[in-house]
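Notes follow once the structure below has been shown.
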RNA sequence: GUGGGUAUAGCUCAGGUGGUUAGAGCGCCAGGUUGUGGCCCUGGAGGUCGCCGGUUCAAGUCCGGUUAUCCACCCCA
């Protein structure tokens with residue numbers, strides 16, 4: 001039989017790699033709870049229209065990266081390429097938002113984009129996503145970034161760079177865009193790369209983060225968004241920066257940081273890893289404010305903001321953990337002992353001890369080798385002698401010391417062994 | 001969608017200019033005298049050399065195709 005292999009870009013996660021994901025998730029739950037942020041779950045599958053309307057029909061994500069297909073009744077459905085759209089949709093459908101009320105949610109799960117896989121990028125990838133609804137105050141933008149930084153710190157990540165920018169609002173952004181277009185018309189058309197010649201009219205902001213050296217050269221003299229914000233946006237942005245300054249979070253203003261999703265306005269930010277094992281896809285988190293989005297998707301006019309962390313990319317920065325430590329291993333030396341050994345293991349596990357019991361009789365040597373390789377702390381030898389004597393050898397594999405213990409004393413003895421080891 | 005690299009044991013990889021029974025390290029299994037691990041020693045299992053076709057007396061090695069995978073571009077987390 002030919003074997004069936006996984007779908008391209010859809011990963012299987014096994015230990016020890018999968019342990020990193022558990023670590024990232026548990027840390028997120030812990031840190032986010034300090035901020036009053038609660039976990040929600042929304043579907044992986046949504047109506048295609050949701051993404052077209054929120055992310056933007058002209059974006060690359062919608063144009064060429066979505067897993068879109070028709071179901072049995074010819075409805076166009078899409079595997080979510082990002083989380084925000086679905087969360088906003090769910091918020092509108094489930095939450096009766098009163099004015100001034102603040103909601104803080106986070107969600108963890110897989111996202112899907114049809115792209116060519118490379119380092120730090122898969123077709124099914126995983127994100128940790130935070131969304132705030134309600135607050136229009138820059139205090140919220142600040143807290144969100146603080147929380148993200150707190151989280152990344154809790155993961156003990158180093159060599160990170162926080163990049164921040166403001167994209168303005170529907171009042172001031174168009175004016176800036178006109179200025180930018182005007183600027184681009186003064187430069188020699190041929191000096192721009194073909195992509196930018198096109199972007200110049202379709203999405204002028206994107207010209208700003210073009211990677212082409214020639215374009216970068218030209219853009220040095222381009223007007224910046226920050227210099228062209230309206231007074232409201234300007235003071236909002238300054239208030240966010242004040243929070244970062246006050247809490248001593250290092251950041252870099254990045255005039256060229258424009259996001260690839262249309263819904264962002266005002267504050268946008270991105271965290272870049274500068275360590276060398278991350279590969280070319282070095283943005284590990286990104287987010288910002290999306291005030292018009294809830295209304296645009298048919299909800300109330302409620303402000304929103306959030307960020308996403310790419311778990312695969314963060315995983316590249318984490319040390320792979322060792323195998324799980326286990327408290328005990330019961331070596332079984334005779335067929336007659338298989339049943340009582342299992343029964344003993346059962347008792348120990350119900351006492352909160354972790355461990356394994358051999359499923360078959362093998363040489364003691366090989367069973368000890370197994371215990372040694374699997375991070376077992378204490379080994380018990382269960383053979384026919386023990387059945388008769390009522391005592392069992394208990395060996396501390398780290399120190400090598402060994403005692404004979406009556407069966408009724410095993411639990412207290414093991415707990416004592418494990419305690420002294422820690423203390 | 002575009003470009004480049006790689007494909008040999010469970011894993012990481014060696015295998016100049018084609019030439020007998022395809023190797024190493026790690027891992028796995030078993031032994032090194034009775035029921036005691038790690039270190040060390042010995043032995044063993046395990047591969048249609050990604051797949052299809054071509055050149056040749058002879059292909060893991062050369063050529064073509066195909067698939068998979070990695071990396072990069074584009075874009076994004």
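The values are calculated or read from the model by the stated rules, or taken from the named source; none is laboratory data. Note that the coordinates shown come from a computational prediction; the quantities given were computed from them, not determined experimentally. Don't worry about glycine lacking a Cβ; one is built from the backbone with ideal geometry, like all the others, and counts go over all protein chains shown.
Looking only at segment A:347-365, residues that are modelled with pLDDT of 90 or more and assigned to a loop (DSSP other than H, G, I, E, B) come to 5 in all. Could you tell me whether segment A:196-203 includes any residue that is under 30 Å from residue A:136 (Cα atoms) and either in contact (Cβ under 8 Å) with a residue 40 or more places away in the chain or over 28 Å from the mean Cα position of the chain (by Cα) (or both)? So far as segment A:196-203 goes, yes, one or more of its residues are under 30 Å from residue A:136 (Cα atoms) and either in contact (Cβ under 8 Å) with a residue 40 or more places away in the chain or over 28 Å from the mean Cα position of the chain (by Cα) (or both). A search for C-beta distances below 8 Å between a residue of segment A:89-108 that is part of a helix (DSSP H, G or I) and any residue that is surrounded by fewer than 12 Cβ atoms within 10 Å (Cβ to Cβ), counting only pairs 6+ apart in sequence or on different chains, returns A:92/A:298. Would you confirm whether any residue within segment A:287-301 is near RNA strand B (Cβ under 10 Å from one of its atoms), in the same structural domain as residue A:46 (by TED's automatic domain parsing) and either touching a helix residue (DSSP H, G or I) at 6+ places or on another chain (Cβ under 9 Å) or in a strand (DSSP E or B) (or both)? There is at least one residue in segment A:287-301 that is near RNA strand B (Cβ under 10 Å from one of its atoms), in the same structural domain as residue A:46 (by TED's automatic domain parsing) and either touching a helix residue (DSSP H, G or I) at 6+ places or on another chain (Cβ under 9 Å) or in a strand (DSSP E or B) (or both).
Looking at A:56, A:109, just one residue is within 13 Å of RNA strand B (Cβ to nearest atom) and under 20 Å from the mean Cα position of the chain (by Cα), and that residue is A:109.
Is segment A:120-127 home to any residue that is away from RNA strand B (no atom under 11 Å from the Cβ) and surrounded by 18 or more Cβ atoms within 10 Å (Cβ to Cβ)? No, segment A:120-127 contains no residue that is away from RNA strand B (no atom under 11 Å from the Cβ) and surrounded by 18 or more Cβ atoms within 10 Å (Cβ to Cβ). Can you work out which of the residues in segment A:392-403 that are in contact (Cβ under 8 Å) with a residue 12 or more places away in the chain and near RNA strand B (Cβ under 9 Å from one of its atoms) is surrounded by the fewest Cβ atoms within 10 Å (Cβ to Cβ)? Only one residue fits best here, namely A:398. You will find that of A:41, A:80, the residue that is at pLDDT 95 or above and either surrounded by fewer than 19 Cβ atoms within 10 Å (Cβ to Cβ) or farther than 26 Å from residue A:299 by Cα (or both) is A:41 and no other.
Would you check which residues across segment A:366-384 are outside any loop (DSSP other than H, G, I, E, B) and either more than 7 Å from RNA strand B (Cβ to nearest atom) or surrounded by 14 or more Cβ atoms within 10 Å (Cβ to Cβ) (or both) and list them?
A:367, A:368, A:370, A:371, A:376, A:377, A:378, A:379, A:380, A:381, A:382
What do you reckon, is residue A:27 in contact with a strand residue (DSSP E or B) (Cβ under 7 Å, 6 or more places away or on another chain), touching a residue at least 40 places away in the same chain (Cβ under 8 Å) and surrounded by 14 or more Cβ atoms within 10 Å (Cβ to Cβ)? The answer is no for residue A:27. Only a single criterion out of (1) surrounded by fewer than 16 Cβ atoms within 10 Å (Cβ to Cβ); (2) at pLDDT 95 or above is not satisfied by residue A:415, namely (2). Screening residue A:222 against (1) surrounded by 15 or more Cβ atoms within 10 Å (Cβ to Cβ); (2) more than 13 Å from RNA strand B (Cβ to nearest atom); (3) more than 21 Å from residue A:161 (Cα to Cα); (4) assigned by TED's automatic domain parsing to the domain that holds residue A:165 leaves a single unmet condition, (4).
Inspect all residues belonging to segment A:136-150 and state whether any of them is assigned to a loop (DSSP other than H, G, I, E, B), within 14 Å of RNA strand B (Cβ to nearest atom) and buried (at least 20 other Cβ atoms within 10 Å of the Cβ). Show your work before the answer.
Taking segment A:136-150 and keeping what is assigned to a loop (DSSP other than H, G, I, E, B), we get A:136-137.
Subset that is within 14 Å of RNA strand B (Cβ to nearest atom): none.
Taking every residue of segment A:136-150 in turn, none turns out to be assigned to a loop (DSSP other than H, G, I, E, B), within 14 Å of RNA strand B (Cβ to nearest atom) and buried (at least 20 other Cβ atoms within 10 Å of the Cβ).
All of (1) free of Cβ contacts under 8 Å to residues at least 60 places away in the same chain; (2) touching a strand residue (DSSP E or B) at 6+ places or on another chain (Cβ under 6 Å); (3) within 14 Å of RNA strand B (Cβ to nearest atom) hold for residue A:83 with one exception: (1).
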